[in-house]
Amino acid sequence: MPLATLNSEQLQAAKAPLGHNLVIASAGTGKTSTIVGRIAHLLYQRVPPEAILLLTFTNKAAGEMVARLESHFPKEVISKIEAGTFHAVCYRWLKAGDEQISLKQPSELKTLFRSIYEKREFVKLNLEIQPFSAAYLYDLYSLYQNASSVSFENWFLERYPAHHSLIDIYWDIAQEFEAQKEQYGFVSYNDLLIKVMQNASLWGATYQEVLVDEYQDTNTLQSSLIDALNPTSLFCVGDYDQSIYAFNGANIENISSFQSRYKGAAIYTLKTNYRSGASILSLANRVIAHNERIYPKQLEVGYRGADNPPKLLVYRELFEQYHAIAHAIATSHVPYNEVAVIFRNNSSADGIEAALRERGITCKRKGGTSFFDSKEIKALLDLLTLLVNPRDMMAFIHLFEYAKGIGSSVAKELFESLQYCGNGNIIDGTLTPTTDKLPTFSLIHNQQLGLFGGELEMTSAARFKPLGLSQEVLNHPLLKHPKLTDDGALFFEAFFDFVTFAKKNKSPKVMIKHAINSKLFEIVVDVLSTQRARLKNGHVDKEKKEIATSRIMRKGAVLLELANGYKELDRFLNAMILGGSELSQGEGVNLLTVHASKGLEFQEVYVIDLMEGRFPNRKLMSQGGELEEERRLFYVAVTRAKDKLWLSLATLDKIRKIEFEPSIFLYEAGLVDCPPKVEL
């Protein structure tokens, strides 16, 4: 049974009395087994399974714990436990409550935000400071929702006082953004939690205990949600030394202030590490000890394998380092999927990936752009989404921005025009418009908020006759829109042709195949391949464009393959959009950012580019990061290793003509004699 496999410290935590309990689970100490044991204990104590809520940071983690429980309890019992990520659980609750919501990805909402931002003509305000871009302002607003409980103005001006003259405009953009989301039923990942918090009593009263995995990674919004649910018992598992997501809003104060926020809270510590050898743990302890000790601990060895001391590898030049590591991996007898190369910066991955590929060593890279985040795949999914949900303005805007001269603001007006012509349905508005007029578009004149402009006047579609458009398209009222460009008209015809075909077909595979071969996707491919082949001098490299086009079409073929087994387009889209971020492809050596490596373990680990400026990343530290966070990143990286750990650096970047010093962490680990000559 789950409790029988636990050691004494794990068992003590798993059987803790109901109340507020925090388990400090150091690297490799069996936190998953402890959580599974805790849920088993609750069930043995006759806590109803439907009164247990498990919150994790990946659906994979929740699935693993549920699978372990199902090997000991009837599946019909375990299925009643509510388990999943904060966002997935809140989404299920809201949908079960008949909430009419449409979950949108950050990139899609950023497009909507930009369409609102573009209505502000900052240049007319004679500003002394350059306004933040739409994309950067959106990211700041999202971070604010995650990380703060104070007003937007106070939070923002504390960080950017020089933008005081713009705060009213920034806040007005954010308010209009929220109003637009409400109008169309769009919600962000943050909104899922916020909406649940507004009626937390509806769900919180259901649960006797809430369990939270990776508690050190919770942000202020997630912590507020937990408090709003107000469970009888709270069981949080985390490690202060593995808090590495401050850049994404994670609030380390949640775990450090647990006892002061929850009076009478009990703290349990898991200190026996079953993953790594004694020498690896000793190195990790020496370095992390330089951080403030909130919860005193010292990892102890439970590992039964050989103790291989970590080795320092020093090379003269960056690419010499990458090629040497590739050679070492090639001559190792360890399976490639049990080898990891871990790096602080994505730029480090390019060199090692090239060196591995040159030797014919397969590898998979995690921490970069995923398959489902690639622009070509998002364009195909947006096109298909419009067939299932014609109200999805974001999918439309994202798609029509590929037409030259059509920005977010104009695309939004085109969407509203088709809605107007189709009595609320853009598909009907495209194929069978019920009017030959367009809606009236106007802007409010408000200099204080940066709003300028006047009323939109329709023009004649005759200007598009030289394009050779079909008569049916030429007669469409949308072509009277004065801001519609020639490329926009051609793009609309391609959209019209695709929608015409789509009305007669339902199979996801048929739809995707037609989309890939459509004139519309041909335009998308041309835009993307041109962007990816453009040289610094502005010229387009023909060979690079052909390669980019080939890669795009290969991705389309993968999406087509994924459609096998789906008969309904909406089910296929749900699987791709909601589950796509957790799908992975490829085999071989693992190339991982430190953040992507968290929670994983490998027989052999190489931590590369351990030079001052690279790791720790001094650039990020100068932008508000801290050396303590960089040290926690190092701690996470080295504790991924089970058998062997190599720490690697180069002293020269010959391309950029930069000399490097060894990382301060190597000095703290006792592997180099002198600290770096930098101001700490």
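The values are calculated or read from the model by the stated rules, or taken from the named source; none is laboratory data. Keep in mind it's a predicted model, so treat the numbers as computed, not measured. For neighbour counting, all protein chains shown are included, and Cβ atoms are generated from backbone atoms with ideal geometry for every residue, glycine included. Just so you know, the surface numbers come from the protein's heavy atoms only, side chains and all, with ligands and any DNA or RNA stripped out. Shrake-Rupley method; radii C 1.70, N 1.55, O 1.52, S 1.80 Å.
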Sorting GLU182, GLU300 by accessible area (1.4 Å probe), largest first, what list results? GLU182, GLU300
Can you list the residues, at least 5 places off or on another chain, whose amide H is less than 5 Å from the amide H of PHE186, using H built in the peptide plane? SER102
Å² per residue, accessible surface of the chain at 1.4 Å: 45 Å²
May I ask you to evaluate 6.51 cos²θ - 1.76 cosθ + 1.60, the Karplus curve with θ = phi - 60°, for each residue of the range 299-316 and list the ³J(HN,Hα) values in order in whole Hz, giving x for glycine and proline? 4, 10, 8, x, 6, 9, x, 5, 9, 9, x, x, 10, 9, 10, 10, 10, 6
At a probe radius of 1.4 Å, what is the per-residue accessible area of ASP241, in Å² to the nearest 10? 0 Å²
Residue order for HIS327, HIS163 - accessible surface, 1.4 angstrom probe, largest first: HIS327, HIS163
Once amide hydrogens are built 1.01 Å from N within the peptide plane, the residues lying 5 or more places from LEU54 or on another chain with amide H under 5 Å from its amide H are GLU82, ALA83, GLY84, LEU211
CD proxy at 222 nm, helix term only [per DSSP H run n ≥ 4: -39500 (n - 2.57); per residue of the chain; nearest 500]: -13500 deg cm²/dmol
Please report the antiparallel percentage of DSSP beta bridges with both residues in the chain, rounded to the nearest 5. 15 percent
Where does the range 165-207 land on Rg/Rh, using Cα atoms and the Kirkwood Rh? 1.17
Can you list the aspartates and glutamates whose alpha carbon sits under 16 Å from that of LYS15, skipping same-chain ones fewer than 8 residues off? GLU209
Subset of LYS31/LYS598; LYS110/LYS437; LYS598/LYS642; LYS404/LYS513; LYS60/LYS513 violating a 21 Å alpha-carbon distance limit: LYS110/LYS437; LYS404/LYS513; LYS60/LYS513
Interchain or sequence-distant (5+) residues whose placed amide H lies within less than 5 Å of the amide H of LEU312 are LEU647
In nm, give the distance between the simple-model label positions of MET553 and ASP373, each being 7 Å from the Cα along the Cα-to-Cβ direction. 2.8 nm
Over 43 Å, how big is the tail of the calculated P(r) for the chain, in percent of all Cα pairs? 33 percent
Probe radius 1.4 Å, ligands and nucleic acids left out: which of VAL196, VAL66 has the largest accessible area, and how do the rest follow? VAL66, VAL196
HN-Hα J couplings of the range 429-440 from phi, Karplus 6.51/-1.76/1.60, θ = phi - 60°, integer Hz, Gly and Pro as x? x, 7, 8, 9, x, 9, 8, 9, 10, 10, x, 8
Take the solvent-accessible surface of the protein heavy atoms, probe 1.4 Å, and return the percent of it on the range 601-680 that carbon and sulfur atoms account for. 50 percent
Once the other residues with Cβ under 10 Å from the Cβ of VAL473 are scored (Lys, Arg +1; Asp, Glu -1), what is the net sum? -3
Sulfur and carbon atoms: percent of accessible area, the range 242-396 [1.4 Å]: 50 percent
Once phi is turned into ³J(HN,Hα) by the Karplus curve 6.51 cos²θ - 1.76 cosθ + 1.60 with θ = phi - 60°, what whole-Hz value does each residue of the range 28-42 show in order, with x for glycine and proline? x, 9, x, 5, 5, 4, 5, 5, 4, x, 4, 5, 4, 4, 4
In this model, which of LYS181/LYS366; LYS119/LYS480; LYS375/LYS509; LYS483/LYS509; LYS104/LYS542; LYS364/LYS644 are farther than 25 Å apart at the alpha-carbon? LYS181/LYS366; LYS483/LYS509; LYS104/LYS542
Roughly how many percent of the accessible protein surface of the range 95-226 is carbon and sulfur, given a 1.4 Å probe and a whole-percent answer? 47 percent
From Cα pairs below 8 angstrom and at least 6 apart in sequence, can you work out the relative contact order of the chain, rounded to a whole percent? 17 percent
What the 5 Å binned alpha carbon P(r) of the range 49-202 shows, as percent of pairs per bin from 0, is 1, 8, 14, 17, 15, 12, 10, 8, 6, 4, 2, 1, 1, 0
